[in-house]
Amino acid sequence: MRMSFGLTFRTAKGRCVANLSRQCSRGSMGLFVPPSPPLDLEKVKELQHFITLSKRLLVMTGAGISTESGIPDYRVLCLDCGEQTPRGVLQERFEVLNPSWSAEAHGLAPDGDVFLTEEEVQSFRVPSCARCGGRLKPDVVFFGDAVSPDKVEFVHRRVREADSLLVVGSSLQVYSGYRFILTAREKKLPIAILNIGPTRSDDLACLKLDSRCGELLPLIDPH
C-alpha cells in the first residue's frame, strides 16, 4: 500500500524508515528527489528556444516543481465541510495521536511515497477535521478520483488557447493530467517535458529534459 501522510523519513542501517519525528526533516529532503544526470546545457538551449518561439505557452506543473526545495506538495481537505488544514498543523496532530509510531518502509517512490504493510497502515491513527469532526483527505487527485467538470473544462479551454505546452515536475501517470496532453497532441501543439525520470507522455513530446526544475528553470530567460 502507498501512504503519504506528510511524514518525514530517515535511514536506519541502510533502510528507509517512516517516522513522525520532524527533527530529521531537513536532512531527509534529498530522499524526495530521485537521482538526475548532470545538467545538459544543450538541452537548456533547446528549452529556451522552445519557450522563445511560443506566443501563448501553457505550463502545467506537478509536485516536482516544489518538492525538491522542501515545499510540501499538498494541503489536506475536509470532505464534509471543506476546511483546509496546513501540513504543519496536521503534522503536529499526527504526533499527538501517534507518539511512538514508526514503520520500516518496504519501498520508496521518487515522489517520496513509501510502501507499507496493511498492518502498519491500520495501526496508524488519522485525525479528523478540527472544525467539524469530518473525514480528511489530501487535496490531490488520486488514481480513480474524479475531477470536477468545471476544472476540466477550464484547463481544456486553456489548452485550446495555447500554441505550445510545457510540463514541469510531473510524471503524468494520473489521467486527470494526462488527458490534457492528449488534447494538446490532437491540436498538434509542440510539447516539452521537464521531469526527472520517464513520464507517461515521453513519446508525445518533442523535447524531454531529465533535470531538476530548480537547477534548470533559473537559467531560462522568460523574455
Show the residues, 5+ positions off or on another chain, whose built amide H is closer than 5 Å to the amide H of Thr61.
Val168
Residue-ordered couplings for segment 152-161, obtained by feeding phi - 60° into the Karplus form 6.51 cos²θ - 1.76 cosθ + 1.60 and rounding to whole Hz (Gly and Pro as x), are 4, 5, 4, 6, 4, 5, 5, 5, 5, 7
Give me the one-decimal nm value for the distance between modelled label points at Glu42 and Asp145, 7 Å along each residue's Cα-to-Cβ direction.
4.0
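Any read-out appearing in this document is the output of simple, stated calculations on the displayed coordinates, not a laboratory observation. Computed from a predicted model, the values in this text were never measured in an experiment. Positions of Cβ are generated from backbone atoms using ideal geometry, with glycine treated the same way; all protein chains shown enter the neighbour counts.
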